[in-house]
Amino acid sequence: MQATIAKIKTLENFLNKHGDDTYIANTLAKMLDYKIQQYDKDVAALQDDLRVFEKKHAMTSAEFFSKFQKGGIGDEMDFIEWAALYRMRQNLLEKKEVLAGAK
């Protein structure tokens, strides 16, 4: 991670000294778009998995997760898997939101 941060700081220094660079701007925009698209694909796949649990247990994943966190639902393996999938999706959505804000 430190190597990546060092590269970003180098770019920042370059842009501060020499002004905007179309090639760098376009490259960064494409990189961000690509990563956002990857997150969208991963979120869609997780959403498909979550729908199976939602149909099986007749509640949304958000409802389930709220109950799960409060201990209002059992700790069966099914529920642990559902909670893990939900957390994974939420994590990806948060990452996507951060990247989308950088565009």
note = Quick count over the range 63-103, residues being over 19 Å from the mean Cα position of the chain (by Cα), of a type in the set (S, T, N, Q) and either at pLDDT 95 or above or within 14 Å of ASP42 (Cβ to Cβ) (or both), is 1
ask   = What do you reckon, is ASP49 closer than 20 Å to LYS95 by Cα, in contact (Cβ under 8 Å) with a residue 24 or more places away in the chain and of a type outside the set (Gly, Ala, Ser)?
value = yes
message = Could you check the range 24-43 and list, in sequence order, the residues that are loosely packed, with under 12 Cβ neighbours inside 10 Å and within 18 Å of the chain's Cα centre (by Cα)?
response = LYS30, MET31, TYR34, GLN37, LYS41
request  = Name the helices (runs of 4 or more DSSP H) wholly inside the range 1-88 in which the number of residues that are under 19 Å from LEU99 (Cβ atoms) is 1 or more.
outcome  = 2-18, 22-57
task = Go through the range 44-62 and give me each residue that's within 20 Å of the chain's Cα centre (by Cα) and charged (D, E, K, R).
result = ASP48, ASP49, ARG51
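The values are calculated or read from the model by the stated rules, or taken from the named source; none is laboratory data. Keep in mind that this is a model prediction, so the values were computed, not measured. Neighbour counts run over all protein chains shown; Cβ positions are idealised from the backbone, glycine included.
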